[in-house]
1. Suppose only helical runs count, i.e. DSSP H with n ≥ 4. What mean residue ellipticity at 222 nm does that imply for the chain under -39500 (n - 2.57) per run, divided by all residues and rounded to the nearest 500 deg cm²/dmol?
2. Could you grab the relative contact order for segment 1-124? Cα pairs under 8 Å, six or more apart, rounded to a whole percent.
3. Could you derive backbone 3J(HN,Hα) for segment 46-57 from the dihedral phi with the Karplus parameters 6.51, -1.76 and 1.60 (θ = phi - 60°), listing whole Hz in sequence and x where the residue is Gly or Pro?
4. At a temperature of 25 °C and a viscosity of 0.890 mPa s, determine how fast segment 32-162 diffuses translationally according to Stokes-Einstein, using the Kirkwood radius over alpha-carbon pairs as Rh; express D in µm²/s, rounded to the nearest whole number.
5. Each residue of segment 107-114 in order: what ³J(HN,Hα) in whole Hz does its phi give by Karplus 6.51 cos²θ - 1.76 cosθ + 1.60, θ = phi - 60°, with x for Gly and Pro?
6. Taking the Cα centre of segment 6-231 as origin and charging only Cβ (+1 Lys, Arg; -1 Asp, Glu), how large is the dipole, in debye to the nearest 20?
7. Put +1 on the Cβ of every Lys and Arg and -1 on every Asp and Glu Cβ in the chain; which of 93, 164, 58 then has its Cα farthest towards the positive end of the dipole?
8. Compute for the chain: radius of gyration divided by Kirkwood radius, i.e. Rg/Rh, restricted to C-alpha atoms, rounded to two decimals.
Amino acid sequence: MTRNPIIVALDLESADKARALIERLAGRVNFYKIGMELYAGAGVAFVRELIDEGKEVFLDLKLYDIPETVRRATVQVARTGVRFLTVHAVGSVMRAAVEGRGDSGLQLLGVTVLTSFGPEDLEDLGATQTIPELVEHRARKAVSLGIDGIVASPLEAAALRQALGPKPILITPGVRSHGAAWGDQKRVATPAEAMRDGADYLVIGRQITCAPDPAAEAARILDEIGAAWLSA
Ligand code: C5P
């Protein structure tokens, strides 16, 4: 394996807590996801701090607004040197984000249907398709509009890889090794299964962040993936 596919979700409230975790992961993980909580708590200054230290940042803001607002926000994110930014996979939102990132190195990821959505939420959207149909429809549209990748449940990864071909980046949260606590995740696969099904990156939070030794846990997951690849 040449590339470390682990992105650790910094689901923490402050920069201090995030720094302490990152320090414990030094040498094992270099890619971090900052979501709304930490962004609201520590702001873009912390994003810049990580980038200045040579770390890669996935900014999970799931932008969803009028096109001009999305475009302007994306321009600002692109200036920071962030590697991945999420936007909802809705046509006007995605077009605006693609325009905003221009020729920067920022890669855009589409969020198709939130995995927390159930039948009532779909009804509120007025959607007549099933969730898998809607996921595939939005993912295809995302790629056709120039979005670089899709955030997907590991249970959708194989179907999406088949539908989209080899190029789009597939990122899967919701992975757990055998024996790890599921927390509030309902539909999980192991890291090795997700990679086998076509994921390029795995977003992992609590299995690593709540482990007694986060670096050892990350190493264990990398071993698991490597071993699974060898036996595939
Ligand atoms: O702790 P855990 O590994 O469950 O964390 C998963 C991370 O991935 C969290 O930051 C969560 O917000 C994010 N995520 C997810 N499921 C999705 C999309 C994002 O769990 N469908």
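1. Working: 10 runs with 112 residues, N = 232.
Result for the chain: -14500 deg cm²/dmol, rounded to the nearest 500.
2. Dividing the mean separation by the residue count of segment 1-124 yields 19 percent.
3. 6, 4, 5, 4, 5, 5, 5, 7, x, 8, 9, 10
4. On the way: Rh = 15.3 Å.
Approximately 160 µm²/s, per Stokes-Einstein.
5. 9, 9, 10, x, 9, 7, 10, 4
6. Details: 25 positive and 30 negative charges, 94 e Å.
Result for segment 6-231 is approximately 460 debye, rounded to the nearest 20.
7. Of the options given, the answer is 164.
8. On the way: Rg = 17.2 Å, Rh = 18.1 Å.
That ratio equals 0.95.
The values are calculated or read from the model by the stated rules, or taken from the named source; none is laboratory data. Just so it is clear, the structure is predicted and the values come from calculations on it, not from any experiment. Glycine gets a Cβ as well: all are built from the backbone with ideal geometry, and neighbour counts include every protein chain shown. Remember, those area values only see protein heavy atoms, side chains included, never the ligands or the DNA or RNA. Shrake-Rupley method; radii C 1.70, N 1.55, O 1.52, S 1.80 Å.
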